[in-house]
Amino acid sequence: MVNNEAQRQYERVLVPVDMSETSADAIRFGLSAGLLEDGATFLHAFSPVAKRRLLSSGASSDVISGYVDSERHGAMEENEPFSRGQ
């Protein structure tokens, strides 16, 4: 959130997204206003839901890593339309 007019041009833009329509609207606005032209970093934090259950069940580290990688890949695919403002 910016409370005052910028004193100089922004060098970096961090765009947190939560997969909501509000996030998509903000990205569309940023794109139309030219705020995201020079590159932006999109941030979507997630917690692999079943990781704790896998740990407590004694699953191997390879199984857990595979699950986490799969969840990360799915989140990245889900975020792709957001990075294009769609």
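Tell me the per residue accessible area of the chain using a 1.4 Å probe; a whole number in Å² is fine.
Values: 6940 Å² over 86 residues.
With the other protein chains kept in place, the chain gives 81 Å² per residue.
Please give the contour-minus-distance gain from Arg8 to Asp25: 0.36 nm per residue of separation, less the Cα-Cα distance, rounded to one decimal in nm. Before the final figure, lay out each step's value.
Details: separation 17, 0.36 × 17 = 6.12 nm, distance 2.49 nm.
Here the answer is 3.6 nm.
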Nearest 10 degrees is fine. How inclined is helix 61-83 to the longest principal axis of the chain, computing both from alpha carbons?
20
For the chain, modelled as a Gaussian network with Cα springs under 10 Å, which listed residue fluctuates most, Arg72, Arg12, Arg52?
Arg52
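In the neighborhood of Ser70, defined by Cβ-to-Cβ distances under 12 Å, what is the net charge if each Lys or Arg adds +1 and each Asp or Glu adds -1? Walk me through the numbers on the way to the answer.
Working: positive: Lys51, Arg72; negative: Asp69, Glu71, Glu77.
Surrounding charge for Ser70 is -1.
Quantify, in whole percent, the carbon and sulfur part of the accessible surface of the chain (1.4 Å probe; protein heavy atoms only). Spell out each step's value before the answer.
On the way: 3550 of 6940 Å².
Carbon and sulfur together cover 51 percent of it.
Report, in deg cm²/dmol and to the nearest 500, the calculated mean residue ellipticity at 222 nm for the chain, where each DSSP H run with n ≥ 4 adds -39500 (n - 2.57) and the sum is divided by the residue count. List each step's numbers first, then the result.
On the way: 3 runs with 41 residues, N = 86.
Rounded to the nearest 500, the figure is -15500 deg cm²/dmol.
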Can you tell me the 0 to 90 degree angle between the C-alpha axis of helix 21-32 and the longest principal axis of the chain, rounded to 10?
40
Hey, in the GNM for the chain with a 10 angstrom Cα cutoff, which one of Ser61, Ser32, Ser70 fluctuates hardest?
Ser61
Looking at the chain, which longest stretch skips every one of the GluC sites (Glu not before Pro) that is in a DSSP loop with at most 12 other Cβ atoms within 10 Å, leaving the sites themselves out?
38-86
Which labelled figure in [x] 17.3, 54; [y] 16.0, 59; [z] 12.5, 36 is Rg and Dmax of the Cα atoms in Å, once derived from the coordinates:
[x]
How far apart, in nm, are two points set 7 Å out from the Cα along the Cα-to-Cβ line at Lys51 and at His73?
1.7
When the chain is treated as a GNM, springs tying every alpha-carbon pair under 10 Å, which of Ala26, Ala59, Ala45 comes out with the largest mean-square fluctuation?
Ala59
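The values are calculated or read from the model by the stated rules, or taken from the named source; none is laboratory data. Note that the structure is a prediction, hence the values are computed from the model and not measured. FYI the Cβ positions are ideal-geometry reconstructions off the backbone, even for glycines, and counts take in every protein chain you see. Heavy atoms of the whole protein, side chains included, go into the accessibility calculation; ligands, DNA and RNA do not. Shrake-Rupley method; radii C 1.70, N 1.55, O 1.52, S 1.80 Å.
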